[in-house]
1. Order these peptides, 96-103, 143-150, by their mean beta-carbon neighbour count within 10 angstrom, highest first.
2. Local charge sum around Lys158 (other residues, Cβ-Cβ under 11 Å, Lys/Arg +1, Asp/Glu -1)?
3. Given a cut-off of 22 Å, name the pairs among Lys26/Lys67; Lys158/Lys193; Lys136/Lys193 whose C-alpha atoms lie farther apart than that in the structure shown.
4. For the residue pair Ser153 and Lys193, what label-to-label distance in nm results when each label sits 7 Å from Cα along the Cα-to-beta-carbon direction?
5. Calculated FRET efficiency, Lys66 and Asn92, Cβ-Cβ r, R0 35 Å, to nearest 0.05?
6. Magnitude of the Cβ-charge dipole of the range 58-98, K/R +1 and D/E -1, about the Cα centre, nearest 20 debye?
7. Kindly state, to the nearest 0.05, the FRET efficiency for Ala73 paired with Asn51, given R0 = 25 Å and r defined as their beta-carbon distance.
8. Calculate the translational D of the range 20-164 in whole µm² s⁻¹ from Stokes-Einstein, where the hydrodynamic radius comes from the Kirkwood formula applied to all Cα pairs, the temperature is 25 °C and the viscosity 0.890 mPa s.
Amino acid sequence: MKPKFLRATLLVMTTACLSLTALAQKIKLKEGSLDVLKNETSINIEFTYDNMAVGKFDKEADYINKKKTEYNAKEAGRGDRWEKAWIDDRKNRFEPNFIELFTKHAEMTDSKKAKYTLIFHTTFTEPGFNVYVTRKNASIDAEVLIVETANKSNVIAKLTLDNAPGRTFMGNDWDTGERISESYAKAGKSLGKYIK
């Protein structure tokens, strides 16, 4: 293959991949306004997972029961360890990744004393998979509320975030938590930029 043709092919493929990634995630302001955040230097960030669908399951509990049963059938206690990791990953991996990139790109700090609170409610998680030559990226969907910290029933703005992709480069994402963690990092970065 001629070097010129090879460079042109690589350029076209890279551009196509970047375009697909850019289009994959969507953030929409559904109600209200973000104007109140213009002069704010801090925000309180909270996470909820109520009524979250997972993969093909409408209820997270059904997904957990299936995976737990399958893993325990292969090795006693493995499913129980998996279930614990599934829940623990939220506080240990997902939320810190989101907060780190959100605060960096929104140029705000995370503070319980902030005037406004961002409630990040994950509504759907696609765990994805990586099995040798076959893989599917993780992704998350969320509803985002900006509320008054002192009166959380006062909703200032409502946004939706759809299809935040989660994958690691080099395909080294055998661990479900690692893939989903990348979804939260991407969501934090994109939402931070959007709010900024």
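Every read-out reported here was derived from the displayed coordinates using simple, explicitly stated rules and does not represent laboratory data. Not measured: the values here are computed from a predicted model. Note: ideal-geometry Cβ built from the backbone for every residue, glycine included; neighbour counts use all protein chains shown.
1. Details: 96-103: 20.6, 143-150: 17.0.
The most tightly packed comes first, giving 96-103, 143-150.
2. Values: positive: Lys28, Lys30; negative: Glu31, Glu143.
Net of charged neighbours comes to 0.
3. Beyond 22 Å: Lys26/Lys67; Lys136/Lys193.
4. Here the answer is 3.8 nm between the modelled labels.
5. Numbers: r = 23 Å, r/R0 = 0.66.
Result of the calculation: an efficiency of 0.90.
6. On the way: 11 positive and 10 negative charges, 25 e Å.
For this selection, approximately 120 debye.
7. Details: r = 28 Å, r/R0 = 1.13.
In this case the efficiency is close to 0.35.
8. Working: Rh = 17.1 Å.
Taking Rh from Cα pairs, D becomes 144 µm²/s.
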